[in-house]
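Take a look at the following structure, please.
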Amino acid sequence: MGEKKVRVLLVDDSTYIRTVLGSIIEEAGFEVTGEAADGEEAIQKYKELKPDLVLMDVIMEPMNGVEATKAILDNDPAARILMVTVLEDKEIVMDLIKKGAKGCITKPFSKEEIAEKVNEIMGNKG
Ligand SMILES: [Mg+2]
């Protein structure tokens with residue numbers, strides 16, 4: 001129908017997780033607009049690509065997802081960032097949600113969870 005696909009930036013230090021997330025995103029009818037492997041790269045790609053949504057890992061080196069999320073939101077308070085992380089990061093994630101992150105998906109995630117959450121954040125499109 002020529003409707004614009006939701007453009008997603010994938011941020012994770014694991015190539016494997018980026019690949020899995022990428023398949024899920026595409027199968028769900030969204031578009032992978034770019035990938036980043038750490039926080040610094042995420043900030044740069046966000047500025048460059050202006051994605052509709054970011055899937056953000058927390059534990060990454062040298063710059064983690066907490067710092068990257070804060071930096072992106074400082075620059076663009078309307079940024080949609082969904083944390084994808086392990087349960088142990090819960091307090092950090094709650095703090096980021098207070099600061100403007102849109103939510104959190106816990107690893108291991110399912111295809112359904114990712115698709116549902118992305119649609120929810122994007123206003124139940126599709
Ligand atoms: Mg990680």
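Assuming ASP89 fulfils every condition listed in (1) under 15 Å from ASP12 (Cβ atoms); (2) at pLDDT 90 or above apart from one, which condition is it?
(2)
Mind listing whichever residues of segment 18-77 are assigned to a loop (DSSP other than H, G, I, E, B), more than 16 Å from the ligand (Cβ to nearest atom) and surrounded by 17 or more Cβ atoms within 10 Å (Cβ to Cβ)?
ALA28, PHE30, PRO51, ASP52
Please specify each residue of segment 1-17 satisfying the condition of being in a loop (DSSP other than H, G, I, E, B) and crowded, with 20+ Cβ neighbours inside 10 Å.
Those that are in a loop (DSSP other than H, G, I, E, B) and crowded, with 20+ Cβ neighbours inside 10 Å: VAL6, ASP12.
Taking LEU87 and the conditions (1) closer than 14 Å to GLY65 by Cα; (2) in contact with a Ser or Thr (Cβ under 7 Å, 6 or more places away or on another chain), which numbered condition does it fall short on, given that it satisfies the others?
For LEU87, the exception is condition (1).
Can you list residue pairs whose Cβ atoms sit under 8 Å apart, with the first residue in segment 72-87 being farther than 15 Å from CYS104 by Cα and the second being in a loop (DSSP other than H, G, I, E, B)? Count only pairs 6 or more apart in sequence or on different chains.
ILE72/ALA79; LEU73/ALA79; LEU73/GLY100; LEU73/ALA101; PRO77/GLY100
So, one more: Considering segment 78-100 alone, what residues qualify as being within 16 Å of the ligand (Cβ to nearest atom) and open to solvent by less than 20 Å² (accessible area, probe 1.4 Å)?
Result: ILE81, LEU82, MET83, VAL84, THR85, ASP89, VAL93, LEU96.
Give segment 82-106 a look and list any residue that's in a loop (DSSP other than H, G, I, E, B), touching a helix residue (DSSP H, G or I) at 6+ places or on another chain (Cβ under 8 Å) and on the phi < 0 side of the Ramachandran plot, or say none.
ALA101, LYS102 - these are the residues of segment 82-106 that are in a loop (DSSP other than H, G, I, E, B), touching a helix residue (DSSP H, G or I) at 6+ places or on another chain (Cβ under 8 Å) and on the phi < 0 side of the Ramachandran plot.
Of a type outside the set (A, V, I, L, M, F, W, C) and over 17 Å from LEU96 (Cα atoms): is that true of LYS5 in this structure?
Against the criterion (of a type outside the set (A, V, I, L, M, F, W, C) and over 17 Å from LEU96 (Cα atoms)), LYS5 qualifies.
The values are calculated or read from the model by the stated rules, or taken from the named source; none is laboratory data. Treat the numbers as computed from the prediction; the structure is a model and nothing was measured. Every residue, glycine as well, gets a Cβ built from its backbone with ideal geometry; the counts of neighbours run over all protein chains shown. Accessible surface is based on the protein model in full, side chains and every heavy atom, while ligands, DNA and RNA are left aside. Shrake-Rupley method; radii C 1.70, N 1.55, O 1.52, S 1.80 Å.
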